[in-house]
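Undergrad: Starting off with a structure, shown below.
The values are calculated or read from the model by the stated rules, or taken from the named source; none is laboratory data. What you see is a predicted model, and the numbers here were worked out from it, not measured in a lab. Please note: Cβ atoms are built from the backbone with ideal geometry, for glycine as well, and neighbour counts cover all protein chains shown. Each accessible area value is taken on the protein alone, full model and side chains, heavy atoms only, with ligands, DNA and RNA left out. Shrake-Rupley method; radii C 1.70, N 1.55, O 1.52, S 1.80 Å.
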Amino acid sequence: DLSVLREIVTRLGGDWQRVERDAAGPRVAAQLARNGQDALGLGVSGTPTYLIGPFRIVGALSEREFAKAFEQVRER
């Protein structure tokens, strides 16, 4: 919900109009396009997807599951 983001930005002294202007600009669009290409190259087709070491994990993880994934990577 953008109203929550706007509230946070303005409460912290940010310029909401600038945020909206920058978000609609070409630099953000170009970065999002690069991110999309990188994601496709890694086989990421949706969120959430996590890259932990050599593992690609699709779907939400609990704190315990994250800890186990990191442990498995460290053991390799």
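Undergrad: Out of all the residues in the range 36-60, which are in a loop (DSSP other than H, G, I, E, B), surrounded by 10 or more Cβ atoms within 10 Å (Cβ to Cβ) and touching a residue at least 12 places away in the same chain (Cβ under 8 Å)? So that I can check it myself, show each step before the final result.
TA: Within the range 36-60, the first condition is being in a loop (DSSP other than H, G, I, E, B), and the residues that meet it are 42-48, 53-54, 59-60.
Keeping just the survivors that are surrounded by 10 or more Cβ atoms within 10 Å (Cβ to Cβ) gives 42-44, 47-48, 53, 59.
Correct list: 42, 43, 44, 48, 53.
Undergrad: Return the total of residues in the range 16-30 being under 17 Å from residue 2 (Cβ atoms) and open to solvent by 80 Å² or more (accessible area, probe 1.4 Å).
TA: Count: 5.
Undergrad: Which condition breaks for residue 33 when tested against (1) open to solvent by less than 70 Å² (accessible area, probe 1.4 Å); (2) more than 17 Å from the chain's Cα centre (by Cα)?
TA: (2)
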